[in-house]
Amino acid sequence: QVQLVESGGGLVQPGGSLRLSCAASGSSLSFNLMGVMAWFRQGPGNSRELVATISSSGTANYADSVKGRFTITRDNAKNTVYLQMTSLKPEDTAVYYCHRVASGSWGQGTQVTVSS
């Protein structure tokens with residue numbers, strides 16, 4: 001069973017930046033064989049929504065709301081997926097979750113709050 005642990009959340013002012021990390025462990029597969037990884041978020045009173053995905057080969061896709069501001073990357077040697085967030089807006093406030101699509105695994109989430 002894959003375990004996913006997110007980190008890097010916090011409080012940031014509008015226009016600021018944060019980098020989230022998601023470290024994977026517990027799988028017999030090499031990270032580059034673990035398939036598509038994704039970041040989701042759930043804001044106050046909202047349902048969980050997809051933010052970005054990245055394939056094993058590094059192909060990325062983004063929700064329209066974050067396109068041009070967020071960048072998803074993966075370091076297969078470190079078993080880690082990152083979400084670089086720039087030009088943050090108050091509406092980006094949410095709990096951000098890491099997800100491995102193939103196994104349905106979720107992390108515990110990390111809180112991002114964008115506020116002045």
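The values are calculated or read from the model by the stated rules, or taken from the named source; none is laboratory data. These numbers were taken from a predicted model, which means no experiment stands behind them. Here the Cβ is made from the backbone with ideal geometry for all residues, glycine too, and neighbour counts use every protein chain on show. Protein only, heavy atoms only, side chains kept; ligands, DNA and RNA dropped before computing areas. Shrake-Rupley method; radii C 1.70, N 1.55, O 1.52, S 1.80 Å.
When the range 37-48 is examined, which residues are found to be farther than 15 Å from Arg74 by Cα and surrounded by 14 or more Cβ atoms within 10 Å (Cβ to Cβ)?
Of the residues in the range 37-48, the ones farther than 15 Å from Arg74 by Cα are 40-48.
Of everything in the range 37-48, those that are farther than 15 Å from Arg74 by Cα and surrounded by 14 or more Cβ atoms within 10 Å (Cβ to Cβ) turn out to be Phe40, Arg41, Gln42, Gly43, Arg48.
Kindly provide the set of residues from the range 19-36 that are touching a residue at least 60 places away in the same chain (Cβ under 8 Å), open to solvent by less than 30 Å² (accessible area, probe 1.4 Å) and among the hydrophobic types (A, V, I, L, M, F, W, C), ordered by number.
Leu20, Cys22, Ala24, Met34
At pLDDT below 95 and either within 12 Å of the chain's Cα centre (by Cα) or in a loop (DSSP other than H, G, I, E, B) (or both), is that true of Gly58? Outline the logic, then answer.
Details: at pLDDT below 95: yes; either within 12 Å of the chain's Cα centre (by Cα) or in a loop (DSSP other than H, G, I, E, B) (or both): yes.
So Gly58 fits the description; yes.
So which residues in the range 61-75 are in a loop (DSSP other than H, G, I, E, B), touching a Phe, Trp or Tyr at 6+ places or on another chain (Cβ under 9 Å) and open to solvent by 50 Å² or more (accessible area, probe 1.4 Å)?
Matches in the range 61-75: Gly68 only.
Checking the condition in contact with a Phe, Trp or Tyr (Cβ under 8 Å, 6 or more places away or on another chain) and either under 18 Å from Thr113 (Cα atoms) or modelled with pLDDT of 95 or more (or both), which residue from Ala52, Ala24, Ala94 passes? If you could, list the steps in order and put the result at the bottom.
Values: Ala24 fails: either under 18 Å from Thr113 (Cα atoms) or modelled with pLDDT of 95 or more (or both); Ala94 fails: in contact with a Phe, Trp or Tyr (Cβ under 8 Å, 6 or more places away or on another chain).
On inspection, the qualifying residue turns out to be Ala52.
Go through the residues of the range 74-86 one by one and say whether even a single one is among the hydrophobic types (A, V, I, L, M, F, W, C), at pLDDT below 95 and within 16 Å of Phe40 (Cβ to Cβ). Before the answer, list the steps.
Here is the first cut: in the range 74-86, the ones among the hydrophobic types (A, V, I, L, M, F, W, C) are 77, 81, 83, 85.
Restricting the remaining residues to those that are at pLDDT below 95 gives 77.
Subset that is within 16 Å of Phe40 (Cβ to Cβ): none.
No, the range 74-86 contains no residue that is among the hydrophobic types (A, V, I, L, M, F, W, C), at pLDDT below 95 and within 16 Å of Phe40 (Cβ to Cβ).
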